[in-house]
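Heads up: the structure comes next, in structure tokens.
The values are calculated or read from the model by the stated rules, or taken from the named source; none is laboratory data. Because the structure is a prediction, the values reported are computed rather than measured. Cβ atoms come from the backbone with ideal geometry, glycine included; neighbour counts cover every protein chain shown.
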């Protein structure tokens, strides 16, 4: 990674929330002119979907907003990610606990809840996997708002 800042988004299976976050944040970077300076990736704490494309509902919901996440493929979180990334942003408290267990043993970048960069008042990005299409729209709304806050935070760091 040759970027100045490296950002990792983490959820459970890496087929709904974290690839959506990666796609939204890539779009935010493109629009702001920070593309190339900030690198993104996503992963899941579980290994069930490794190598698979994002959930079709996540791809469709993102596509309605002009975001293509169909090129992403699921991978599992690795302890070395705590060394490779400047930001390790997780979608919910359970994923945070799982990644923090590894962080407490290995050190590196301390993981945090992604929505901490947003203003919605919500702490966790809900998992839309077992719900309807509206859940994917809500996830994108939360992620978009937090992505703007994250870019503002990183921008201050880079200036």
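Odds and ends about this structure:
- Residues satisfying the stated conditions in the stretch 1-16, i.e. surrounded by 24 or more Cβ atoms within 10 Å (Cβ to Cβ) and either over 17 Å from residue 90 (Cβ atoms) or touching a helix residue (DSSP H, G or I) at 6+ places or on another chain (Cβ under 6 Å) (or both): 8, 9, 10, 11, 16
- For the stretch 146-154, the condition holds for at least one residue, the condition being that it is surrounded by fewer than 15 Cβ atoms within 10 Å (Cβ to Cβ) and either without any contact (Cβ under 8 Å) to a residue 60 or more places away in the chain or under 18 Å from residue 18 (Cα atoms) (or both).
- Qualifying residue in the stretch 41-59 (condition: touching a residue at least 60 places away in the same chain (Cβ under 8 Å), surrounded by 23 or more Cβ atoms within 10 Å (Cβ to Cβ) and in a helix (DSSP H, G or I)): yes
- Flag if residue 28 is touching a residue at least 40 places away in the same chain (Cβ under 8 Å), on the phi < 0 side of the Ramachandran plot and in contact with a helix residue (DSSP H, G or I) (Cβ under 6 Å, 6 or more places away or on another chain): yes
- Summed over the stretch 1-21, the residues that are under 21 Å from residue 100 (Cβ atoms) and in a helix (DSSP H, G or I) give a count of 3.
- Some residue of the stretch 68-80 being in contact with a strand residue (DSSP E or B) (Cβ under 9 Å, 6 or more places away or on another chain), without any contact (Cβ under 8 Å) to a residue 40 or more places away in the chain and more than 20 Å from residue 117 (Cα to Cα): yes
- If you go through the stretch 81-107 and keep only what is over 22 Å from residue 28 (Cβ atoms), in contact (Cβ under 8 Å) with a residue 40 or more places away in the chain and surrounded by fewer than 16 Cβ atoms within 10 Å (Cβ to Cβ), you end up with just 94.
- Selection status of residue 96, at pLDDT 95 or above, closer than 24 Å to residue 155 by Cβ and under 15 Å from the mean Cα position of the chain (by Cα): no
- Residues of the stretch 135-145 that are surrounded by fewer than 18 Cβ atoms within 10 Å (Cβ to Cβ) and either in contact (Cβ under 8 Å) with a residue 40 or more places away in the chain or not in a helix (DSSP H, G or I) (or both): 137 alone.
- Which numbered condition residue 110 misses (of (1) at pLDDT 95 or above; (2) out of contact with any strand residue (DSSP E or B) (no Cβ under 6 Å at 6 or more places or on another chain); (3) surrounded by 13 or more Cβ atoms within 10 Å (Cβ to Cβ)): (3)
- Residue check for residue 142: under 14 Å from the mean Cα position of the chain (by Cα) and farther than 22 Å from residue 47 by Cβ: yes
- Scan of the stretch 123-134 for residues that are more than 12 Å from residue 16 (Cα to Cα), modelled with pLDDT under 95 and outside any helix (DSSP H, G or I), ordered by number: 132
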